[in-house]
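These notes concern the structure reproduced below.
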């Protein structure tokens, strides 16, 4: 017995795996260093960017009237007022966009995940991909050509929301479709076996199961849309005071405020510009954070 | 994966929310299955099917509508244009009677800045994707991934401000040195705006590179993560070093996905508007194919003139430029999807 054990334990002849040659070892180390360096290099602009915005914008944001007052009646060189009007405008345009884009996007995703077959489904998938690559300025121009040139309607916040719909749709569709596909087929089959019709299975079983994942996608879509500047530049004028009318008149938004204060050389203008930029970053990060938290909390249910 | 995790879901979610509603409606005891309240139920099912199919068709139609409406609005201006649309460097629309506009300079600036951005972002993104999937400690991968994704969350206007006020001035010495040492190469020759001003394609390209980095990285990362474990383990079992394993398994497997992801990034860079608008200086001379040129891209030109969209003919000139940009990004994105095949899931 003992002899066989030692026979098995002892390598038969020279070891198969030789030492790593110096060249191979060096190349391996070099790759590790380069790859790690690439990651660290990418962190530089991130930290630099956030530091810039925070250090230059925090004073304006912390001023007492920043979130409660508009710039109505404030002179360009005056340190006063706030961005209430712009925050209101950004959120109204974003919500209006979501009201249109979310139902349309969810239904499209249901089509792709539950019904779609053949050439039409392939075309829709392809077009969603293309839509996600359409530049925001092209979406804005399209709405301009349709809404303002052809229909003769005035520039308005609603026109902005329409352009944002085109940018939000692909994100909502992609994320919803992905979530619907993660819902196990056993659930659908169990429902059919009980005689529940397909539409009710989707509404009562599939959608609730995928719900939190879908909300995560919508939060990310909202974050993307709120930061868009091109549509507001083309489709609505800037206003220094608040405007509750979404179909007529100028309405401010955070990106538009930044663009306007960019043209204001006064120190007060510079402070407001960075303040509005910081507010915008905070708003977008808030939505991203909510998305991350929701997806974390719901990880068991959807994945 | 899906099935394994999916097995845990039925008790928690659907059985609580779905079954009670479903069970209440089925009336199993009322009769055989095929006789069940067929009319109303069939109608509701059809309605739902048509609603979702209609939503899908709306998406397809909207892409068609974008191309159609832009073309229809641009046509009269293109007919009234007295310059060559593709070769002229002018973009003169102030005189409605004598429109002279061409996209040659816009094309040069757009393609040059995007290509430069891609040249910087592609190797970096490859490195980051490898780091995140193969090198980073497993428990930190998620956090590091979030950090890179945060770059994508920053609004483009903020990138513009950073590029104009912070990065531009810092890059001036670098740009001057490049111009000094490599000035004999046309790419680094003196451009049509001053290098010391900072508002060159050089600066804009680096800003764009940072902006498209997270897009390329996230898609590439997903593809690299799908590398079959058996391939990786096989390579390691044969005695490959980590780098050799990556070269033999991860890179060949993810190549098409990586190239597709880069094309997606290129599409984003071509259409980026505000960051470029804020960073680039206006040039009075035609573009010279130098990184130290200024001027406008398609997108930034349209945005800069947005307040002057009053008379239909000059507006149509800008819409024509927008149409070219639309076609350009359409082609790039279509190629990206074709190359990457089914591997690229998110855009």
Among (1) over 29 Å from residue A:224 (Cα atoms); (2) in contact (Cβ under 8 Å) with a residue 24 or more places away in the chain, the one test that residue B:251 misses: (2)
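Does residue A:68 count as surrounded by fewer than 22 Cβ atoms within 10 Å (Cβ to Cβ) and modelled with pLDDT of 90 or more?
Details: surrounded by fewer than 22 Cβ atoms within 10 Å (Cβ to Cβ): yes; modelled with pLDDT of 90 or more: no.
No; evaluated as a whole, the condition is false for this residue.
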Any chance residue A:168 is in contact (Cβ under 8 Å) with a residue 60 or more places away in the chain, touching a helix residue (DSSP H, G or I) at 6+ places or on another chain (Cβ under 6 Å), over 26 Å from residue B:65 (Cβ atoms) and part of a helix (DSSP H, G or I): no
Qualifying residues in the range A:117-158 (those that are more than 9 Å from chain B (Cβ to nearest Cβ) and surrounded by fewer than 16 Cβ atoms within 10 Å (Cβ to Cβ)) - the one nearest to the chain's Cα centre (by Cα): A:122
Test for residue B:191: is it part of a loop (DSSP other than H, G, I, E, B), out of contact with any strand residue (DSSP E or B) (no Cβ under 6 Å at 6 or more places or on another chain), away from chain A (no Cβ under 13 Å) and buried (at least 19 other Cβ atoms within 10 Å of the Cβ): yes
Index of the failed condition, residue B:306 passing every other in (1) at the interface with another protein chain (Cβ under 9 Å from one of its Cβ atoms); (2) over 14 Å from residue A:144 (Cα atoms): (2)
The range B:103-122, subset part of a helix (DSSP H, G or I) and more than 17 Å from the chain's Cα centre (by Cα), residue farthest from residue A:36 (Cα to Cα): B:104
Single residue of B:118, B:124, B:161 found to be farther than 29 Å from residue A:273 by Cα, crowded, with 19+ Cβ neighbours inside 10 Å and facing chain A (nearest Cβ under 8 Å): B:124
Residue B:153, sole failed condition from (1) surrounded by fewer than 21 Cβ atoms within 10 Å (Cβ to Cβ); (2) under 25 Å from the mean Cα position of the chain (by Cα); (3) modelled with pLDDT of 90 or more; (4) farther than 21 Å from residue B:257 by Cβ: (3)
Failed criterion for residue B:71 (all others in (1) buried (at least 19 other Cβ atoms within 10 Å of the Cβ); (2) in contact (Cβ under 8 Å) with a residue 12 or more places away in the chain hold): (1)
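Among the listed residues B:99, B:132, B:112, which satisfies the condition of being buried (at least 20 other Cβ atoms within 10 Å of the Cβ) and outside the structural domain of residue B:328 (by TED's automatic domain parsing)?
Numbers: B:132 fails: outside the structural domain of residue B:328 (by TED's automatic domain parsing); B:112 fails: outside the structural domain of residue B:328 (by TED's automatic domain parsing).
Residue meeting the stated conditions: B:99.
Could you go through the range B:170-183 and let me know if any residue there is under 23 Å from residue B:157 (Cβ atoms) and buried (at least 22 other Cβ atoms within 10 Å of the Cβ).
Taking the range B:170-183 first, the residues under 23 Å from residue B:157 (Cβ atoms) are B:170-172.
Narrowing the set further to residues that are buried (at least 22 other Cβ atoms within 10 Å of the Cβ) leaves none.
Checking the range B:170-183: not a single residue is under 23 Å from residue B:157 (Cβ atoms) and buried (at least 22 other Cβ atoms within 10 Å of the Cβ).
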Check on residue B:127, assigned by TED's automatic domain parsing to the domain that holds residue B:325, over 29 Å from residue A:231 (Cα atoms) and touching a helix residue (DSSP H, G or I) at 6+ places or on another chain (Cβ under 7 Å): yes
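Within the range B:230-240, identify whether any single residue is within 21 Å of residue A:39 (Cβ to Cβ), away from every other protein chain (no Cβ under 14 Å) and outside any loop (DSSP other than H, G, I, E, B), and answer yes or no. Quick ask: steps written out before the conclusion?
Of the range B:230-240, the ones within 21 Å of residue A:39 (Cβ to Cβ) are B:232.
In the following step, the residues that additionally are away from every other protein chain (no Cβ under 14 Å) were identified as B:232.
Still in the list and also outside any loop (DSSP other than H, G, I, E, B): B:232.
Yes; the residues of the range B:230-240 include at least one that is within 21 Å of residue A:39 (Cβ to Cβ), away from every other protein chain (no Cβ under 14 Å) and outside any loop (DSSP other than H, G, I, E, B).
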Any helices (runs of 4 or more DSSP H) falling wholly within the range A:189-293 and containing at least 1 residues that are touching a residue at least 12 places away in the same chain (Cβ under 8 Å) and surrounded by fewer than 23 Cβ atoms within 10 Å (Cβ to Cβ): A:198-201, A:207-226, A:254-262
Where residue B:182 falls short, out of the listed (1) over 18 Å from residue A:44 (Cα atoms); (2) out of contact with any helix residue (DSSP H, G or I) (no Cβ under 7 Å at 6 or more places or on another chain): (2)
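The values are calculated or read from the model by the stated rules, or taken from the named source; none is laboratory data. Please read all numbers here as calculations on a predicted model, not as lab measurements. Every residue, glycine among them, receives a Cβ derived from its backbone with ideal geometry; neighbour counts consider all protein chains shown.
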